[in-house]
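Please treat every number below as a calculation from the coordinates, not as lab data. Since the structure is predicted, the reported quantities are computational estimates derived from the model, not experimental observations. Here the Cβ is made from the backbone with ideal geometry for all residues, glycine too, and neighbour counts use every protein chain on show.
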Amino acid sequence: MRTLGGLRGQGVEQGAQRQGSLPPYKPPTSATEMGHQMAEREPVTELGAFSSDDAVATEWAQARADLRNAELYWLSTVRPDGRPHVTPLLGVWLDGALYFCTGTAERKAANLAQNPHCVLTTGRNILDGLDLVVEGAAAGVSDEAELRQVADTFESKYGPRFTAPEGTWFGLGDSIRGGDVLVYRVAPSTAFGFGKGEHFSQTRWRFS
């Protein structure tokens, strides 16, 4: 079984070549799930001063959809000696927070044990589209019901890569349910969106 730590094993690029790129993620739409989505905090939206003259702020609904649909995220943490550490990983957006998991021996786990403050980023490495930055504190998840929901969401989002025997991360969903890996929840304290293309915008969403 492979963890998501640093995308070890067959990695995202190799997995994509074998299994094809993922379709846009469609979250569950049961009454319970809809209730959770409605309960998510709505931030204060502000357009930054470095935006184009004719730019408008990006709506949080669009940013949230992009966070939910993103296949890859970059996690930035701080080592105990103060040096930064960045690693790519998979994740899911669920009930107003980003979730990811890692092994107990991973560098990011050691970093978060000393300092839970972190940054998650995702977007496109071209001058078009929307880049997103989420700041928050990583909280460990141990509640069995929450772990089951996180595992179900990972499997629904990443499909055969999690559920097929030949999938890169086959069996990881059961490891999440069983508490065999570390699972973290990052609820945004502040998020930023950098719109690119015809107009360039810098949007900040404040949650507190």
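Structural remarks
- The Rg/Rh ratio of segment 144-208, with Rg taken over Cα atoms and Rh as the Kirkwood radius over Cα pairs, comes to 1.18.
- Semi-axis lengths, Å, segment 56-208, gyration tensor of Cα atoms, sqrt of 5 times eigenvalues: 26, 19, 14
- Cα centroid separation - segment 114-128 against segment 55-113, whole Å: 6
- Binning the C-alpha pair distances of segment 53-132 at 5 Å intervals from 0 yields a P(r) profile of 3, 13, 22, 21, 16, 12, 8, 3, 1, 0 %, listed from the shortest bin outward.
- Given charges at beta-carbon only (K, R positive; D, E negative), |dipole| of segment 118-196 in Debye: 240
- Segment L47-E144, length gained on full extension (0.36 nm per residue, minus Cα span): 31.0 nm
- Counted over segment 58-112, the DSSP beta bridges are approximately 100% antiparallel.
- Sequence-separation-based contact order of segment 64-129, relative, with Cα cut under 8 Å and 6+ spacing, percent: 37
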